[in-house]
Amino acid sequence: MIDAKPLDVADGMRRRRMHRIFEDRPVPAEVLGRMAWAAARAQQARSGVRHVVVVDDPVLLATARQVLPGFLNNAPAMLALCTDLDQAGATGGPRMVEHVSRLDSGAACAHLALMAQTLDLGVCTVTSWADEAVRALFGLPAHIRPDVTVAVGYVTKETASPAVRGFTSGLHHNAFGAAFEDGAR
Amino acid sequence: MTAADEGLSRALYETVTVLVCSAPLALDETRLLSAFRMLDAADRLMGIMADHDDDFLRRARADFADHRMLAMTDQAAFTDWMSRYVAGFAAQALRRTRAEGV
């Protein structure tokens, strides 16, 4: 039985952040399964395009810290979100391969960042690596493209990174450059 | 080969792997991130040297730990910090070279 906390979605969005320091304890398989479910439930334009590799082998994780230069954390687990290029191409064409499937992987990352908070977990999305390294690490066949690796582990207030300040997004009203003012923020 | 030698060899091999696997990222990421990858590898090497009880390197590692996130959050500040970091290493290298009488 998984002990999950309720989460206000807006509060979860506000608290969302990347974690790079995790507690030194494993994440049970059933909890990782819950995270994998969250990733699988994210938008996917066509069936069978997304593949999720759940990683909790300490040897693989230790190697990841060498061959994935952006994987700078001590996470005891990882989810690798991948795209079946053949399936994407056959069902949606080149745009599905190069554009839509990457958006869908990003949506899965957002699901993971929210689901993690219900399980006392933290995540860190990492894309700074060469595809060939991820393929070699997890035995991905040529038609499976790694899109993003997500570090997963337990976090506490003590291990949490401070919130990053100063990141901005453009917000426009009806036309680019016209400010949108709704008073909600 | 002693156990210590084996440990050193393994740690160096891991850092070699980090450097090799970082190389292709230089083609796809910003120059600043390439600089970060080099400093990260240097930090790993300093970690391997931690047994040598070098106070300068210990402080250098702490300095990097305090500022590494700037590469993601404030690139200008990271660049400024990196300049000071390099200056510190250069000054230290000069002191050590003089001390060795070269």
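The values are calculated or read from the model by the stated rules, or taken from the named source; none is laboratory data. Computed from a prediction, not measured in an experiment: that's the story for all the values here. As a convention, Cβ positions derive from the backbone with ideal geometry for all residues, glycine included, and neighbour counts pool all protein chains shown.
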- prompt: On the given criteria, is B:Arg58 under 13 Å from the mean Cα position of the chain (by Cα) and touching a residue at least 12 places away in the same chain (Cβ under 8 Å)?
  reply: no
task: Please give the number of the condition B:Ala93 fails out of (1) at pLDDT 95 or above; (2) exposed (fewer than 15 other Cβ atoms within 10 Å of the Cβ).
output: (1)
task: Could you tell me whether the range B:48-59 includes any residue that is of a type in the set (Val, Ile, Thr) and surrounded by 14 or more Cβ atoms within 10 Å (Cβ to Cβ)?
output: yes
- prompt: Which number in (1) more than 14 Å from every other protein chain (Cβ to nearest Cβ); (2) buried (at least 20 other Cβ atoms within 10 Å of the Cβ); (3) β-branched (Val, Ile, Thr); (4) within 22 Å of A:Ser161 (Cβ to Cβ) marks the one condition that A:Thr118 misses?
  reply: (2)
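Looking only at the range A:121-169, which residues are within 14 Å of chain B (Cβ to nearest Cβ) and in contact with a Phe, Trp or Tyr (Cβ under 6 Å, 6 or more places away or on another chain)?
A:Val126
Quick grid of which residues meet (1) part of a helix (DSSP H, G or I); (2) within 14 Å of chain A (Cβ to nearest Cβ); (3) over 21 Å from A:Gly70 (Cβ atoms):
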| position | (1), (2), (3) |
| --- | --- |
| B:Arg10 | yes, yes, yes |
| B:Thr17 | yes, yes, no |
| B:Leu32 | yes, yes, no |
| B:Arg58 | yes, no, yes |
| B:Trp81 | yes, no, no |
| B:Phe89 | yes, no, yes |
| B:Ala99 | yes, no, yes |
message: Tell me yes or no: at least one residue of the range A:124-135 is more than 15 Å from A:Ala40 (Cβ to Cβ), surrounded by fewer than 20 Cβ atoms within 10 Å (Cβ to Cβ) and hydrophobic (A, V, I, L, M, F, W, C).
response: no
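Table: residues versus (1) more than 30 Å from A:His51 (Cα to Cα); (2) in contact with a Ser or Thr (Cβ under 8 Å, 6 or more places away or on another chain); (3) in a loop (DSSP other than H, G, I, E, B).
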| position | (1), (2), (3) |
| --- | --- |
| A:Pro141 | no, no, yes |
| A:Arg145 | no, yes, no |
| A:Thr149 | no, yes, no |
| A:Val152 | no, no, no |
| A:Glu158 | yes, no, yes |
| A:Ser161 | no, no, yes |
| A:Phe176 | yes, no, no |
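Can you tell me which residue is nearest to the other protein chains (Cβ to nearest Cβ) among those in the range B:19-30 that are surrounded by 16 or more Cβ atoms within 10 Å (Cβ to Cβ) and either in contact with a Cys (Cβ under 8 Å, 6 or more places away or on another chain) or aliphatic (A, V, I, L, M) (or both)?
B:Leu25
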- prompt: Can you list the helices (runs of 4 or more DSSP H) found entirely within the range A:1-91 that contain at least 3 residues being more than 17 Å from the chain's Cα centre (by Cα) and surrounded by 14 or more Cβ atoms within 10 Å (Cβ to Cβ)?
  reply: A:58-67
